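Enquirer: After the structure tokens below, expect a handful of questions from me.
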């Protein structure tokens, strides 16, 4: 029997969060004005001034503007909705930009719209003519990839635990990541709570979200004997429905988790935002705690027993349903925390979890299905390869490079790095 009071409470919280996320009338664009305006900041959320922003419609230049001392540029008018190319020329911006140009294709659906913050670390005290050596750039990319790998691992371990206890591949897991990011945005940006408090509240709500999914949907379907293939297809539909709902309330724009500036930290050749180092520290602590819980905790040991042989674990007195419920709560909480950290590391958007889902699956498969420690190793490998390969391939193809590494490893070791060989037939 589903506890109706708890479900009503959860729906009320979700409805309130959705109402809070609705854009305020004061921020609406003037009627009849179509164009782009934006804010350019570096990886430490410091404004970048002097960059030239150019809008192109195909090969035709529509308009240009230069960022001011606050990193802002005014509205560059365009004729109407469509897909435009925004080029940012950083020749005069200085630092590690070193005169590079960055292009972003953006579909104009409202007026005015905001270009996502350029996630590039820049030090304004260095000469614009100073270009980092290949070794320095390799170190920078490797550390950035390690951070990305940790964020993937936090989310992917929950996905792996759900698969281990129920043999269910949940394609809606990415929406739990998005849920955490959006809740973190609501608490930190809208409600103005401290970032750590916002992260804690979003993580708790993520656990509640995971519990609600199991209680209202997946457990009833499992009890009715629905096949795993049907469950997987259902999860794809649930993913699309939740993502569309989040897009409806949150909109298409990417937004920063907080307006606070944390500055950058330089360690050797690596220059990264302080928030990235904090994210790595939190990720390592959380992953260590989960690992110790799985190895020494009573419920963690039961989780591993169910993953190895659910029928044998049940005959040994392990409450399979209870442990599975706890695993869903843990998976939702970890995914939500990953969403918050990813929102701080990058930005928050309605499809951020969906974009990360393929990398999560890559980490799980590369490490070995059903092995949490393998998932950690696989996720870090995927994250590092994804970022490092940008040194040789275009940035918009970096995910392809990470997945290519997955294919190569599976050709040599089909069961994954830590997976066990199984006899079929």
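The values are calculated or read from the model by the stated rules, or taken from the named source; none is laboratory data. Predicted, not measured: the structure shown is a model, and the values here were computed from it. A quick note on method: Cβ atoms are made from the backbone with ideal geometry, for glycine too, and the neighbour counts reach across all protein chains shown.
Enquirer: Given 334, 359, 292, which one is part of a helix (DSSP H, G or I), out of contact with any strand residue (DSSP E or B) (no Cβ under 9 Å at 6 or more places or on another chain) and either free of Cβ contacts under 8 Å to residues at least 24 places away in the same chain or not assigned by the TED database to the domain that holds residue 182 (or both)?
Expert: That would be 292, the only listed residue that is part of a helix (DSSP H, G or I), out of contact with any strand residue (DSSP E or B) (no Cβ under 9 Å at 6 or more places or on another chain) and either free of Cβ contacts under 8 Å to residues at least 24 places away in the same chain or not assigned by the TED database to the domain that holds residue 182 (or both).
Enquirer: A follow-up question, please. Is it the case that residue 410 is over 13 Å from the mean Cα position of the chain (by Cα), farther than 27 Å from residue 203 by Cα and in contact (Cβ under 8 Å) with a residue 12 or more places away in the chain?
Expert: Yes; evaluated as a whole, the condition is true for this residue.
Enquirer: If only one of 350, 354 is outside any helix (DSSP H, G or I) and at pLDDT 85 or above, which one is it?
Expert: Just one listed residue meets the conditions, 350.
Enquirer: When you check residue 130 against the structure, is it surrounded by fewer than 23 Cβ atoms within 10 Å (Cβ to Cβ), more than 30 Å from residue 221 (Cβ to Cβ), touching a strand residue (DSSP E or B) at 6+ places or on another chain (Cβ under 7 Å) and at pLDDT below 85, yes or no?
Expert: Against the criterion (surrounded by fewer than 23 Cβ atoms within 10 Å (Cβ to Cβ), more than 30 Å from residue 221 (Cβ to Cβ), touching a strand residue (DSSP E or B) at 6+ places or on another chain (Cβ under 7 Å) and at pLDDT below 85), residue 130 does not qualify.
Enquirer: What number of residues in segment 215-240 are under 22 Å from the mean Cα position of the chain (by Cα) and surrounded by 12 or more Cβ atoms within 10 Å (Cβ to Cβ)?
Expert: So the count comes out to 6.
Enquirer: If we scan segment 251-272, do we find a residue that is within 19 Å of the chain's Cα centre (by Cα) and part of a helix (DSSP H, G or I)?
Expert: No: zero hits.
Enquirer: Please give the number of the condition residue 296 fails out of (1) within 29 Å of residue 316 (Cα to Cα); (2) surrounded by fewer than 17 Cβ atoms within 10 Å (Cβ to Cβ); (3) touching a helix residue (DSSP H, G or I) at 6+ places or on another chain (Cβ under 9 Å).
Expert: (3)
Enquirer: Could we say that residue 344 is assigned to a helix (DSSP H, G or I) and buried (at least 21 other Cβ atoms within 10 Å of the Cβ) here?
Expert: Yes; evaluated as a whole, the condition is true for this residue.
Enquirer: Does residue 143 qualify as being more than 21 Å from residue 294 (Cα to Cα), in contact with a strand residue (DSSP E or B) (Cβ under 6 Å, 6 or more places away or on another chain) and either in contact (Cβ under 8 Å) with a residue 60 or more places away in the chain or surrounded by fewer than 21 Cβ atoms within 10 Å (Cβ to Cβ) (or both)?
Expert: yes
Enquirer: Going through 291, 339 one at a time, which residue ends up being surrounded by fewer than 21 Cβ atoms within 10 Å (Cβ to Cβ), at negative phi and modelled with pLDDT of 90 or more?
Expert: Going through 291, 339 in turn, just one is surrounded by fewer than 21 Cβ atoms within 10 Å (Cβ to Cβ), at negative phi and modelled with pLDDT of 90 or more: 291.
Enquirer: For residue 270, all conditions in the list (1) out of contact with any helix residue (DSSP H, G or I) (no Cβ under 7 Å at 6 or more places or on another chain); (2) within 30 Å of residue 387 (Cβ to Cβ) hold save one; what is the number of the exception?
Expert: It is condition (1) that residue 270 fails.
Enquirer: Here is a follow-up. Can you name the residue in segment 305-331 that is crowded, with 16+ Cβ neighbours inside 10 Å, without any contact (Cβ under 8 Å) to a residue 40 or more places away in the chain and assigned to a helix (DSSP H, G or I) and, of all such residues, is nearest to the chain's Cα centre (by Cα)?
Expert: Selected residue: 326.
Enquirer: When you check residue 331 against the structure, is it touching a helix residue (DSSP H, G or I) at 6+ places or on another chain (Cβ under 6 Å), at pLDDT 90 or above and within 30 Å of residue 140 (Cα to Cα), yes or no?
Expert: no
Enquirer: Name the strands (runs of 3 or more DSSP E) wholly within segment 38-91 that hold at least 1 residues that are modelled with pLDDT under 70?
Expert: Once the strands (runs of 3 or more DSSP E) in segment 38-91 are filtered for at least 1 residues that are modelled with pLDDT under 70, what remains is 72-77, 82-89.
Enquirer: Determine, yes or no, whether residue 164 is crowded, with 20+ Cβ neighbours inside 10 Å, touching a helix residue (DSSP H, G or I) at 6+ places or on another chain (Cβ under 9 Å) and either more than 22 Å from residue 320 (Cβ to Cβ) or without any contact (Cβ under 8 Å) to a residue 40 or more places away in the chain (or both).
Expert: No; evaluated as a whole, the condition is false for this residue.
Enquirer: Write out, first by first residue and then by second, each pair whose Cβ atoms fall under 7 Å of each other, whose residues are 6+ apart or on separate chains, and whose first residue, in segment 243-254, is assigned by the TED database to the domain that holds residue 181 and modelled with pLDDT under 90 while the second is exposed (fewer than 14 other Cβ atoms within 10 Å of the Cβ) and assigned to a loop (DSSP other than H, G, I, E, B).
Expert: Filtered contacts from segment 243-254: 249/22; 251/23; 252/109.
Enquirer: Name the residue, out of 235, 227, 239, that is on the phi < 0 side of the Ramachandran plot, in the same structural domain as residue 188 (by the TED database) and touching a helix residue (DSSP H, G or I) at 6+ places or on another chain (Cβ under 7 Å).
Expert: Just a single option satisfies the conditions, and that option is 239.
Enquirer: Given the residues 383, 402, which is the only one that is touching a helix residue (DSSP H, G or I) at 6+ places or on another chain (Cβ under 7 Å) and at pLDDT below 80?
Expert: Exactly one of 383, 402 is touching a helix residue (DSSP H, G or I) at 6+ places or on another chain (Cβ under 7 Å) and at pLDDT below 80, namely 402.
Enquirer: State whether one or more residues within segment 190-197 are in the same structural domain as residue 227 (by the TED database) and either crowded, with 22+ Cβ neighbours inside 10 Å or in contact with a strand residue (DSSP E or B) (Cβ under 7 Å, 6 or more places away or on another chain) (or both).
Expert: The answer is no, given that none of the residues of segment 190-197 is in the same structural domain as residue 227 (by the TED database) and either crowded, with 22+ Cβ neighbours inside 10 Å or in contact with a strand residue (DSSP E or B) (Cβ under 7 Å, 6 or more places away or on another chain) (or both).
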